[in-house]
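Heads up: the structure comes next, in structure tokens.
What follows draws every value from the coordinates through simple rules; no lab data is involved. Because the structure is a prediction, the values reported are computed rather than measured. Counting neighbours? That spans all protein chains shown, and the Cβs are built from the backbone with ideal geometry, glycine included.
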């Protein structure tokens with residue numbers, strides 16, 4: 001599969017909106033040796049993003065000078081943003097200790113999301129639920145480990161399941177809700193928020209782009225040209241909007257990760 | 001009331017310290033609000049899942065069909081009660 | 001009858017549950033927007049009441065969010 005398969009999706013005479021097939025990427029080299037079949041477009045982009053984050057942090061913070069120059073300026077602004085908007089408000093005094101994790105999480109996810117609007121690549125990797133779920137499971141395991149380490153095995157589950165100040169009989173009814181909400185639905189909603197936003201955004205962009213291509217290039221008619229122009233303009237507007245949403249979702253994911261880490265470090269009151 | 005002078009001179013808080021604790025208080029309130037706002041959907045979903053699931057199992061056992069919606073509504077009400085109890089108190 | 005009068009209506013294809021959820025999410029979306037918008041405005045006007053306003057924001061948000069989530073589960077109930 002290659003990039004134009006999206007644009008050629010409506011092979012008949014009628015326009016067909018792009019569907020789920022735009023997320024299915026086979027091996028990049030289907031004719032290559034079978035040990036190379038793991039290399040698909042998403043895995044390639046993930047590797048690229050990892051390298052990008054490493055390069056960015058390297059350029060920004062290796063050999064940092066007192067008077068910042070070049071990339072170090074950007075890196076310091078980014079560091080201050082994550083520290084003052086995520087780490088310190090959510091984690092308080094522990095915030096600075098968790099900065100390496102939060103910084104790299106934020107930028108890894110941000111780059112992975114922004115790949116959705118980078119020409120040629122055009123795939124937000126997090127629109128495959130496997131990737132957000134792995135991030136969410138990492139945070140979840142860390143939360144469980146910290147909680148059991150800091151509050152004790154019994155204490156952690158007691159703090160989680162039994163909020164103080166309720167009549168005794170209600171605990172029997174409400175404890176299952178708390179347990180399910182904190183242990184199962186937390187990582188689920190954590191990852192689905194990111195996944196659903198990227199998925200819908202990519203579908204939206206692909207839809208408007210294919211409308212523009214279909215009505216302006218493939219089947220250019222007098223009546224259809226208006227629709228095509230609208231699709232073209234919407235593609236541009238939506239690309240800007242997606243840039244914003246992608247940054248916002250990376251921010252929210254990091255914010256929630258910090259919040260879950262905090263709930264492991266200290267019992268909430 | 002007994003010794004008013006004592007409370008005025010006894011512990012004058014260090015301005016630096018009081019500023020820090022003020023910032024901590026604001027931070028912890030903000031944290032509570034953010035945690036609450038993000039966890040409300042998962043509370044409601046889990047309430048509906050637990051009691052809706054119970055209703056579904058009872059439906060299959062008893063051969064009825066009304067218990068699933070009833071269970072979902074009951075779970076919704078209980079989850080809302082839990083949310084109100086947890087986050088609705090005046091701190 | 002309706003299908004004859006409006007041929008487009010008869011051609012709604014795909015999963016109706018997702019269409020229903022899309023419709024059900026409109027109201028809560030507007031509601032959540034109003035709640036947080038007015039809440040922020042209220043805090044800006046009277047910062048000393050921040051705690052009370054935040055609590056009421058949360059309660060209103062919980063009630064509104066419940067509607068959206070009902071829309072999410074109804075397709076599972078009425079198959």
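For segment A:119-173, the C-alpha radius of gyration divided by 2.2 N^0.38 Å, with N the number of residues, is 1.84.
At 222 nm, what helix-only mean residue ellipticity would chain A give, in deg cm²/dmol to the nearest 500, using -39500 (n - 2.57) for each DSSP H run of four or more?
Numbers: 10 runs with 173 residues, N = 269.
So the calculated ellipticity at 222 nm is -21500 deg cm²/dmol.
Taking 4 °C and 1.567 mPa s as conditions, segment A:204-259 diffuses translationally at an estimated 103 µm²/s according to Stokes-Einstein applied to its Kirkwood radius (Cα pairs). On the principal axes of its alpha carbon atoms, segment A:73-200 extends 59, 34, 21 Å, with the longest extent given first. If r is the Cβ-Cβ distance from residue A:15 to residue C:23 and R0 is 22 Å, what FRET efficiency results, to the nearest 0.05? Here the calculated transfer efficiency is 0.35.
The base-10 log of I(q)/I(0) for segment A:29-86, evaluated at q = 0.16 Å⁻¹, reads -0.63 [Debye formula, identical scatterers on Cα atoms, solvent excluded]. Put simply, the Cα atoms of segment C:32-74 extend 41, 15, 6 Å along their principal axes, the longest span coming first.
Over segment B:44-91, calculate the relative contact order: mean separation of alpha carbon pairs under 8 Å at least 6 apart, over the residue count, as a percent.
Worked out over segment B:44-91, it gives 43 percent.
Ranked by the mean number of other Cβ atoms within 10 Å of their residues, highest first, the peptides B:71-82, A:232-243, A:82-93 fall in the order B:71-82, A:82-93, A:232-243. The mean number of partner chain beta-carbon atoms within 10 angstrom of a residue's beta-carbon across peptide B:21-34 is 4.
Starting from the eigenvalues of the Cα gyration tensor, five times each then square-rooted, give me the equivalent ellipsoid semi-axes of segment A:170-269, largest first, whole Å.
Working: eigenvalues 404, 44, 13 Å².
They are 45, 15, 8 Å, listed largest first.
Using only Cα coordinates, the Kirkwood hydrodynamic radius of segment B:44-91 works out to 11.0 Å. Take each residue in C:48-55, count the other chain C-beta atoms within 10 Å of its C-beta, and the mean is 3.
Taking each residue of A:180-193 in turn, how many C-beta atoms of other protein chains fall within 10 Å of its C-beta, and what is the average? Could you put the intermediate results ahead of the total?
Working: counts 8, 13, 4, 1, 4, 8, 4, 1, 3, 6, 2, 0, 0, 2.
Mean partner-chain Cβ count within 10 Å for A:180-193: 4.
Contact order, relative form, for segment A:26-265: 24 percent (alpha carbon pairs under 8 Å, 6 or more residues apart, mean separation divided by residue count). When the alpha carbon gyration tensor of segment A:26-265 is reduced to an equivalent ellipsoid, its three semi-axes come out at 39, 25, 19 angstrom, largest first.
Taking the C-alpha atoms only, the angle from helix A:41-61 to the longest principal axis of chain A is near 60 degrees. With the highest mean first, a sort of the peptides A:258-264, A:184-190, B:56-62, A:136-142 on other beta-carbon atoms found within 10 angstrom per residue produces A:258-264, A:184-190, A:136-142, B:56-62. Helix A:186-213 axis versus longest C-alpha principal axis of chain A: approximately 10°, rounded to the nearest ten.
For chain A, take the longest principal axis of its alpha carbons; what is the angle in degrees between that and the long axis of helix A:71-82, to the nearest 10 within 0 to 90? Value to nearest ten degrees: 50. At q = 0.12 Å⁻¹, what is the base-10 log of I(q)/I(0) for the protein assembly as shown according to the Debye formula with one equal point scatterer per Cα and no solvent? Please give it to two decimals. Calculated log10 I(q)/I(0) at the listed q: -1.25.
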